[in-house]
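One structure is given below, encoded as structure tokens.
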Amino acid sequence: MNTGIVWFRRDLRLADHPALERALQSHDALLLVYIDEDDAPYSASRAWLRRSLAALAADIAMRGGELHVLAGDAEVLLPRLAADACASAVHISALHEPDADARDARIARRLSADGVAMRRAGGRMLTDADAVRTRAEAPYRVFTPFFKAALPTWRHRPRPAPERLACIGLPASLADAKRAIAAPKPAWDAAFFDRTLPGEAGAHARLRAFLDGLDAYPEHRDLPALDATSLLSPHLHFGEIGPGQVLQAARERGGPGAGKFIAELGWREFAYYVLQHWPASASGNFNPKFDTLPWRSDPAGLRAWRQGCTGVPLVDAGMRQLWRTGRMHNRVRMVVASWLTKHMGIHWREGAAWFLHTLVDADLANNALGWQWVAGTGVDAAPYFRIFNPVTQSRRFDPLGDYIRRWLPELAGLDATAIHAPWEAGIVVPGYPRRPIIDPAQGRADALARLKATG
């Protein structure tokens, strides 16, 4: 019997799955595995992963197969799996992340030495990062020209989910590696799933619901009180739906919102494109001139920012939404990131690490690109001295204060004039900071001085 292994990673779906399709075409029977290597058991994204794997396992079981969730080091487990299952190939979807790609290359060499092929397929991205280049054959550094060049190359060939899955059982020698991801106790993740459910079915249901209101997307997308964004980011991160499926659905839906939404898909593509061409940007400044930028060490301030206790209502509302739901509106993400890096002068890496811990869509490429864009150290960050005024942003994008009231109930009694900056009206609210921990005007001046001294 010709047996193949499908190693699921962040491609937790059955439809639109090139690696699975190739495996089914190449083998009589499959061994389906997910290898849990996470050492951060309390992260928000892991809570999402647990339910996503359960949904995938149920979908596989409906087709006669079985998903085996193992715990351990993939570089050790996969060669053992291949040998004990007498597999001729291991099929994977490319992750397009520097460390993961390097690890895949090491595993491929080890498997090859044992006579087993590692077959790598696409499916997580729309853009061929090596093919989309400037006329000078250099990678793009700015989003708009990248998007114009990449968009015409985006193609999607629908791949239906298989009707049946012929699978073999897990070799007995690996039984000790089989392990389920434990549910959080207490259930601190309960609010993570109030708007969308993990899994392939949940992803498509969320997409359909979003497309129903797509015409209003350009007008409403920046208003956090409306929560009018797609909420697809965790589904895309874990591969519960493919970007090609989302692209095709948006194109078929059409209308005034389709172009804007497809451009947002473009930002996701651009993030991975930048990471592939400049892998060091995952943790280091894309623009090295900012390596000398002085950052403040302020543990107490960082803790206040994390807890949503800075005294700036829009910032605090965003941080509390993040802690409660595992997500944050994109407009607010930019504001809280600007407050931390510009007004407070704390390194963007501190904020990026907190987001990776608390976001259900904890995506390395998007996270690094977003934080560096706001901090001014990254690609397409001109003007690098951009500083978001959180009060102005609040009054413009949450004019009635509804978003703030939702996440800061202690301010619910303030009217729409005072709620954005209570200290300006001399209002003291019990249990809430009397004033921002950093004076907004002074913080802005200090940020400009730091940036000017650097470049």
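The values are calculated or read from the model by the stated rules, or taken from the named source; none is laboratory data. From a predicted model like this one, the values you see are computed outputs, not experimental measurements. Backbone-built Cβ (ideal geometry, glycine too); neighbour counts: all protein chains shown.
Please go through segment 394-446 and pick out each residue that is at positive phi and either part of a helix (DSSP H, G or I) or touching a helix residue (DSSP H, G or I) at 6+ places or on another chain (Cβ under 6 Å) (or both). Passing the criteria: only 431. How many residues, within segment 336-384, are assigned to a loop (DSSP other than H, G, I, E, B) and aliphatic (A, V, I, L, M)? Total satisfying the criteria: 8.
Can you tell me which of 126, 111, 77 is out of contact with any His (no Cβ under 6 Å at 6 or more places or on another chain) and closer than 22 Å to residue 159 by Cβ? Talk me through it step by step, then tell me what you get.
On the way: 111 fails: closer than 22 Å to residue 159 by Cβ; 77 fails: closer than 22 Å to residue 159 by Cβ.
On inspection, the qualifying residue turns out to be 126.
For segment 260-319, enumerate the residues that are of a type in the set (Lys, Arg) and more than 25 Å from the chain's Cα centre (by Cα). Across segment 260-319, the qualifying residues are 289, 296. Answer with yes or no whether residue 180 is at pLDDT 95 or above and farther than 30 Å from residue 408 by Cβ. Considered against the rule, which asks whether it is at pLDDT 95 or above and farther than 30 Å from residue 408 by Cβ, residue 180 comes out as no.
With at pLDDT 95 or above and over 30 Å from residue 274 (Cβ atoms) as the only criterion, which of 54, 74 stands out?
Working: 74 fails: over 30 Å from residue 274 (Cβ atoms).
The conditions single out 54.
Filtered by the rule that a residue be touching a Leu at 6+ places or on another chain (Cβ under 8 Å), surrounded by fewer than 20 Cβ atoms within 10 Å (Cβ to Cβ) and in a helix (DSSP H, G or I), segment 181-220 gives 205, 220. Within segment 238-255, the residues that satisfy the criterion of being crowded, with 24+ Cβ neighbours inside 10 Å, farther than 15 Å from residue 209 by Cα and touching a Phe, Trp or Tyr at 6+ places or on another chain (Cβ under 9 Å) are 238, 239.
Given the conditions (1) touching a residue at least 60 places away in the same chain (Cβ under 8 Å); (2) within 25 Å of the chain's Cα centre (by Cα); (3) within 15 Å of residue 168 (Cα to Cα), which single one is not true for residue 30? With (1) touching a residue at least 60 places away in the same chain (Cβ under 8 Å); (2) within 25 Å of the chain's Cα centre (by Cα); (3) within 15 Å of residue 168 (Cα to Cα) applied to residue 30, the lone miss is (2).
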